[in-house]
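Enquirer: Mind having a look at this structure? Questions to follow.
Since every read-out is calculated from the coordinates, none of them should be taken as a lab result. As the structure is a prediction and not an experimental result, all values here were calculated from the model. Because the Cβ atoms are built from the backbone with ideal geometry, glycine has one as well, and the counts that use them run over all protein chains shown.
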2 protein chains.
Amino acid sequence: MSAIRIGIVGFGKIARDQHLPALNDNPAYELVAVASPSRVPDSLPHYTSMTAMLDAVPEMDAVALCVPPAVRYGLASEALARGCHVLLEKPPGATLAEVGELERQARVADRTLFASWHSRHAPAVAPAREWLKSRRIIGVDIEWKEDVCVWHPGQDWIWEPGGMGVFDPGINALSIATAILDEPFFFREGVLAVPDNRQAPIAADLGFASAAGYPVNAAFDFRQQGPQIWDIHIETDGGKLTLSKGGSQLLVDGELQLEAPEQEYPGLYQRFAELIGRGEHDVDASPLRHVADAFLLGRRVIVDPFHWQRD
Amino acid sequence: MSAIRIGIVGFGKIARDQHLPALNDNPAYELVAVASPSRVPDSLPHYTSMTAMLDAVPEMDAVALCVPPAVRYGLASEALARGCHVLLEKPPGATLAEVGELERQARVADRTLFASWHSRHAPAVAPAREWLKSRRIIGVDIEWKEDVCVWHPGQDWIWEPGGMGVFDPGINALSIATAILDEPFFFREGVLAVPDNRQAPIAADLGFASAAGYPVNAAFDFRQQGPQIWDIHIETDGGKLTLSKGGSQLLVDGELQLEAPEQEYPGLYQRFAELIGRGEHDVDASPLRHVADAFLLGRRVIVDPFHWQRD
């Protein structure tokens, strides 16, 4: 099979740091061009818009959309209509309605649409799923606690409507949980803590229940000082599994079983190539759906105002 | 075809006022029993739970779930597993995740699942859809304004998380809009006005855009004094269509074309019987999805506290 001719659309930090090296290292792809209103490395053919890029390179097979969620729908719709396979960064859209419609359009166009969730490609995720298959789950505890001032310094958009606040990292945890748990779970009740001067939650305490009835609890917090925590603990009849450090470590009953360097984007692009090869889709909106359910059903409490400058 | 043996589950106001007479008047159904912890008319076999009802009447073909959204998933799941067709009152669940899973379970069980939206069976809805088919839409304006003190007196649940506030009636407008517009539309931006002492919005000003780009604006308000308004205006290249009084009147350029008495639940049960007869599903969660999208993306503003007693 010849290489997939791909263009990157949107050339912000995630495109430069993750998409570009992952594509350059994968022989399944030929990175043909970049579309972005801003500057890109001189070594790459550059267009100021996706439309201009597809006009100039009509033989493009695929695009990776690394633009903000608010403009993702229009670009994805155009790319599918022009015969391209489409990879969506997370979250796959600003709204669930858009994602549902894109899935329909991809089927009509007979192109691969991949709503990617990079955390699902962390090294311990697949082994965790495998380990859980032969155990009965008793309960799940998700702890996703990081300092917003360290990881999102000055990014005011994260506090705006659609920015999702602490759910911006929290959705990564939900993307892992929905990937490793065999049965669906549903939001039941919870609290969203919203700073007095902001729109989006700075912390959330969420109670889900699985279809079989076991609890899935999640604590997200943007105010974490000291050690940063991205852990999922799963109590089973055969011991306690812990996915730690965002899915790069797997522990059973506290004993380290696996640790591997972060390889999320290479795995993500491997999956995209496989989907294209098989003519399949992967449009799992369930992490975003859980966030929307939490916004719909969660109780809001107002907490202290948030300011970037701390004294 | 023999009559569909059906049981009503939950016997609150909507079951007594709407479901019971609609079933009694429709020869396609035989109303066999009612399951409810509260009292029901002596003329009907009565069980205190759905489980007890299905144990006692194993030949039941279908159930209509008129219970609150929070308990709908568990009951629907059980009824499908026991071989019953299931009708869900609106909204079809407390969360979108549940509705998605119920749809999967219905396919596995090969039973009809009908996520009903009673407003879609208002008399002018189908004629409006037909009229629109040959016109190009320019814009849509939804006005859904009622006095919560008249229509939901003392119902504190409506202000709680999950009660949805003004979206409780507003979702009826969205269920009509999604039924009569041929193309999907997406939430873009809007404002949710939330009373200082409540969790759910008392008013909402919502901006959607259709896939083709025309605007769909919606103004919901629970503070309406004087005339109550449940109108949808659709500007087209062939005149302006107005669905008025919740879908019971159809006007074109202000001229009344059609007016008919409210017949929503008879139409709803006719549709359920047709779906069962054809072995089909109708699980359109799009009205609830639009509400979740608006909660996810809408800007919240705090407004005056709301109290039931007005001076």
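Enquirer: For segment B:51-61, just list the computed ³J(HN,Hα) in residue order, Karplus coefficients 6.51, -1.76 and 1.60, θ = phi - 60°, integers in Hz, with x standing in for Gly and Pro.
Expert: With the stated coefficients, segment B:51-61 comes to 4, 4, 5, 6, 5, 7, 10, x, 7, 4, 8 Hz.
Enquirer: With N denoting the number of residues in segment B:4-115, provide Rg(C-alpha) divided by 2.2 N^0.38 Å, to two decimal places.
Expert: 0.98
Enquirer: With a Förster radius of 56 Å, plug the Cβ-Cβ distance of A:R107 and B:S43 into 1/(1 + (r/R0)^6) and report the FRET value to the nearest 0.05.
Expert: Details: r = 50 Å, r/R0 = 0.89.
The pair A:R107/B:S43 has a calculated efficiency of 0.65.
Enquirer: Treating the beta-carbon of each Lys and Arg as +1 and of each Asp and Glu as -1, no other charges, what is the dipole magnitude of segment B:4-115 about its Cα centre, to the nearest 20 debye? Let's see the in-between values first.
Expert: Working: 10 positive and 13 negative charges, 42 e Å.
The dipole magnitude comes to about 200 debye.
Enquirer: Then there's this: Go through B:L54, B:V303, B:P161 and say which Cα lies farthest out towards the positive end of the charge dipole of chain B; charges sit on Cβ, +1 for Lys and Arg, -1 for Asp and Glu.
Expert: The listed residue farthest towards the positive side: B:L54.
Enquirer: Ok, one more. Is there a quick way to get the dipole size of segment A:251-310? I mean about its Cα centre, with the Cβ of Lys and Arg at +1 and of Asp and Glu at -1; what is the value in debye to the nearest 20? Display every interim value, and only then the final one.
Expert: Working: 6 positive and 11 negative charges, 101 e Å.
Here segment A:251-310 has a charge dipole of around 480 debye.
Enquirer: Along Cα→Cβ, 7 Å out, is where each label goes; now give me the distance between the ones at A:A212 and A:S2 in nm to one decimal.
Expert: Modelled inter-label distance: 4.9 nm.
Enquirer: Sorted from shortest, what are the nm distances separating the label point of A:E255 from equivalent points in the other copies, each placed 7 Å from Cα along Cα to C-beta?
Expert: 8.4
Enquirer: Also, quick follow-up: Can you work out the FRET efficiency for the pair A:D196 and B:D25, with r the C-beta to C-beta distance and R0 = 56 Å, to the nearest 0.05?
Expert: Values: r = 54 Å, r/R0 = 0.97.
The pair A:D196/B:D25 has a calculated efficiency of 0.55.
Enquirer: Further question: Can you tell me the length gained on complete extension of the stretch B:W151 to B:A70, counting 0.36 nm per residue apart and subtracting the Cα distance? Can you show the working numbers first?
Expert: Numbers: separation 81, 0.36 × 81 = 29.16 nm, distance 2.15 nm.
So the chain would gain 27.0 nm between B:W151 and B:A70.
Enquirer: Using unit Cβ charges (K, R positive; D, E negative) and no other charged atoms, how large, in debye to the nearest 20, is the dipole of chain A about its Cα centre? Write down the numbers at each step before the final one.
Expert: On the way: 27 positive and 42 negative charges, 74 e Å.
Roughly 360 debye for chain A.
Enquirer: Looking only at other chains, what is the average number of their beta-carbon atoms within 10 angstrom of each beta-carbon in B:92-103?
Expert: Values: counts 0, 2, 7, 12, 11, 12, 6, 2, 5, 6, 0, 0.
Other-chain Cβ atoms within 10 Å of each residue's Cβ, averaged: 5.
Enquirer: Here's something else I'd like to know. Taking the label point 7 Å from Cα in the Cβ direction, how far apart in nm is B:S2 from each other copy of itself, listed shortest first?
Expert: From this label point to the equivalent ones elsewhere in the assembly: 6.4 nm.
Enquirer: In whole angstrom, how long is each semi-axis of the equivalent ellipsoid of segment B:1-63, when you take the square root of 5 times every eigenvalue of its Cα gyration tensor and sort them from largest down? Don't jump to the answer; show the numbers that get you there.
Expert: Details: eigenvalues 58, 48, 14 Å².
Gyration-tensor ellipsoid for segment B:1-63: 17, 16, 8 Å.
Enquirer: Right, another one. Provide, for the protein assembly as shown, the number of lysine pairs with alpha carbons under 23 Å apart, each pair being eight or more places apart or on different chains.
Expert: Eligible lysine pairs with Cα atoms under 23 Å apart amount to 18.
Enquirer: Oh, and also: Spin-label point model (7 Å from Cα, Cβ direction): what's the A:D182 to B:R271 distance in nm?
Expert: 3.7
Enquirer: If you don't mind, there's one more thing I want to ask. Under a crude label model (7 Å from the Cα following the beta-carbon direction), how far is A:E130 from A:I14 in nanometres?
Expert: 2.8
Enquirer: Have a look at B:V108, B:V283, B:V34 and tell me which one the Gaussian network model of chain B (Cα, springs below 10 Å) gives the largest fluctuation.
Expert: Its mean-square fluctuation being the largest, the pick is B:V108.
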